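Before any comments, here is the structure.
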Amino acid sequence: MAGIDYAHGAAAIVRDAGGHIVGRTKFQKIAFFLEAAGVGSGFPFRYKHYGPYSELLAAAAQHAAALRLIVENESVAAWGGQYSTFYTQMPADPSMHPARARLAQEMANADAVELELAATAAFLAYERFPDPWAETARRKPEKAEGGRLERAKQLYLRLQQIPAPHQLPAI
Amino acid sequence: MPKQQRIRDPLHDLIQFDVERSQLEGVLWRVLQTRPFQRLRRIKQLGFSDFVYPGATHSRLLHSVGVFHTARRLMRVIEKYLPAKDARVDQALAAALVHDLGHGPFSHAFEKIGERFDLKMANHEAVSDMLIRNGEVSDVLRDMGSGFANDVADMVSGSGTPTIYSAVVSSQFDADRLDYMRRDRLMVGSQHAGIDFEWLVENLEVGEVQHGVDETSLKPVQTFVLGRKAIFAAEAYVLGLFQLYPTVYFHKATRGAEKIYTELLTRTITLIKDGSIEKTGLPKTHPLVKFAQTPDNIDCALSLDDTVIWGGLSLMADSNDKWIGSLAERLRDRKLYKCIDVRAKIAHDKDDGAASSSEADEVCAGVRDEIVKCLDEWSAKSPDEPPRILIDEVERSPYKELTEGAKGPLSQINIRTEGNHLADLSKRSNVVAALKTYKAFRLYHADGDEEARRKVMEIVDAGISKWPA
């Protein structure tokens, strides 16, 4: 379990995404992009199967749930699996950078797979891959098909256009 | 008779590499001879578990060979359903052999240190990836084709679409788990947690299951499923793995040793990074010193193994830094901190069912925060003293540990029903359905440190007294 500051940090991400986030993958990728944009809560990310992933964030979310800062509900997806939805009623933080809520809410409304593709490409850009989108498509072929990669690029452009302390890499 | 290379294994008995007739097995036999693979001889599979089970000294080298051997068995299952030759067969078999190449000394405990200092070369997945794609192992693998090493690395890292071939490397019935569950049980000397391996393999089938990300559906993928006659074998498999966690992997003494090791190396690396090598007791040429100074250098990571750490303990025990000196001596002589099991105390004070309840989670989270505050205060007063309380929090679900994504058919055990559809094991087994996540929350203090013990008990008692309504 992570420390109490991180638990508050995890809950604040849910708050700034509009009070709820559908899915663990989306939660992770929102947190990743907030860090990349310089408006994050200090979570470190590494590459895992689903792209950039923070074990500390996963632990912090559990800690936040234990402290009732967030509520995690599980639902059954159409494909037969279960996914989580995170809720919080944490009060707003007036000192929050305006980019944070804009970014988080844009991502909260995005498709989970497209957001995963965009986050993966951004992570690979930081890892200095010469063509992060091509590498993303190579690593996640079944997710990149059906026009998702193109839509992920459009999502990325929308995120890039939100003024933030750190500019997302041009890819 | 064609030449065979042979290894005797306490678990599988004879493991043979057909180096003349099989190009792959000839190549993999040469991978065994490389420095990165030989290094696995000096990394124990179970880290500090031999503090509890003295027989558990088996190496990651033999486990890796066992995983390859098991993967060959699983491939025979796949061949019954998909007889056409597929390039991914060889990739998956090679991946099974090299999947553990990147582990550092005391594996998972070392990764925790890497997370504290953001050391990429302490992350076994990153190191495995580098060792497979570049260097000696990669050079040997390239004899199978120019892109083979990269394909193997992708298979190990789990990149790409999940397929039945990647299921051999990573799934509920992957070769890794089918080897370590049986090997670890054998070597610790336990008589519980046995599985009916032959029956499980005999009843494995290839099935197509749905999967997705969060609420989004993706195309169905092939993975291992079990025939209906294996339901009790599957039940024992889940229970066996579940039992190994509290009794072996999360044993309080093993975890206590890991915590001491983590704090010892944290202090050592901090001093080295600060330029105070002389305080560590280690010579400037020690591999741990070189690693801390150049943590991005793969050769420095390759120079580390369990024996390097064990060899350094007596030097560190003589360090004039109290933190390093005392913890190195404790680890060398197995003088571990005393354990207070908070969830066991909750069970005692409330009731047995309360120990893993959400109310207990809330209490443990509060206790943890109070302990951290207390440690911060003590650390501010005496920054050169070792931590007086060590915290261990861990949990394990009955199924494969989930890190991200949704729970679903790909991460569950699926049983083929009489009606020829797939059902989750928990829907068919009341025993499995009743299993709850195993959770442990322990606090450790030095024997003789009565103030720390009292403080722990005070915080724990206060936490339990605020039992949520």
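The values are calculated or read from the model by the stated rules, or taken from the named source; none is laboratory data. Since the structure is predicted, the reported quantities are computational estimates derived from the model, not experimental observations. Counting neighbours? That spans all protein chains shown, and the Cβs are built from the backbone with ideal geometry, glycine included. Quick note on the areas: whole protein, heavy atoms, side chains included, nothing else; ligands and nucleic acids left out. Shrake-Rupley method; radii C 1.70, N 1.55, O 1.52, S 1.80 Å.
Mind checking which lysines have their Cα closer than 25 Å to the Cα of B:Lys85? Skip sequence neighbours fewer than 8 apart in that chain. The reachable lysines, counting only those whose Cα sits under 25 Å from B:Lys85, are A:Lys140, B:Lys3, B:Lys219. Counting Cβ atoms of other protein chains within 10 Å of each residue's Cβ and taking the mean over peptide A:78-90 gives 5.
Each part reduced to its alpha carbon centroid, region B:433-469 and region A:20-63 end up 29 Å apart.
Computed over protein heavy atoms with a 1.4 Å probe, the carbon and sulfur contribution to the accessible area of region A:1-100 reaches 53%. The average projected area of region B:147-237, computed from the convex hull of its Cα atoms over all directions, is 7.8 nm². Projecting the Cα atoms of A:Pro91, A:Phe45, A:Ala66 onto the charge dipole of chain A, computed from C-beta unit charges around the Cα centre, puts A:Phe45 farthest toward the positive end. Note on region B:9-97: dipole from Cβ charges, positive end direction compared against B:Val89, B:Gln45, B:Val65; the farthest Cα belongs to B:Gln45. Note on region B:251-314: percent of Cα-Cα distances in each 5 Å bin, starting at 0 and stopping at the bin with the largest distance, equals 4, 17, 26, 27, 16, 7, 3, 0.
The Kirkwood radius of region A:72-170, taken over pairs of alpha-carbon atoms, gives through the Stokes-Einstein law at 20 °C and 1.002 mPa s a diffusion coefficient of 140 µm² s⁻¹. The A and B chains share an interface that buries close to 3700 Å² of accessible area, total over both sides, probe 1.4 Å.
Dipole size of chain B about its Cα centre, with +1 on Lys/Arg Cβ and -1 on Asp/Glu Cβ: approximately 900 debye, rounded to the nearest 20. The Cα atoms of region B:22-98 give a gyration tensor whose axes a ≥ b ≥ c have a/c of 1.5 or more with a/b no greater than b/c, which makes the shape oblate.
Using only alpha carbons, the protein assembly as shown has a radius of gyration to Kirkwood radius ratio (Rg to Rh) of 0.95. Annotation for region B:278-316 versus region B:37-89: alpha-carbon center distance of 28 Å.
Compactness of region B:1-158, taken as the C-alpha radius of gyration over 2.2 N^0.38 Å, stands at 1.08.
A Cα-only calculation for region B:422-469 places Rg and Dmax at 19.2, 57 Å. Since only B:Ala253, B:Pro36, B:Ser159 are under comparison, the one whose Cα sits farthest along the positive direction of the charge dipole of chain B, derived from C-beta charges on Lys, Arg, Asp and Glu, is B:Pro36.
Using just its DSSP H runs of length 4 or more, each adding -39500 (n - 2.57), chain A gives a mean residue ellipticity at 222 nm of -16000 deg cm²/dmol after division by all residues.
Charging the Cβ of each Asp and Glu at -1 and of each Lys and Arg at +1, and nothing else, the dipole of the protein assembly as shown about its Cα centre rounds to 660 debye.
Compute the Cα gyration tensor for region A:1-124, then decide on rounded, prolate or oblate, letting a ≥ b ≥ c be the square roots of its eigenvalues: rounded whenever a/c is under 1.5, prolate when a/b is larger than b/c in the other cases, and oblate in all that remain. Cα axes put region A:1-124 in the rounded bin.
When you work out D = kT/(6 pi eta Rh) for chain B at 10 °C and 1.306 mPa s, using the Kirkwood radius from C-alpha pairs as Rh and the Stokes-Einstein form, the result is 66 µm²/s.
Sorted from longest to shortest, the spans of the Cα atoms of region A:79-128 along the three principal axes equal 37, 34, 15 Å. Each Lys and Arg contributes +1 and each Asp and Glu -1, all at the Cβ; summed about the Cα centre of region A:132-171, the dipole is approximately 60 debye.
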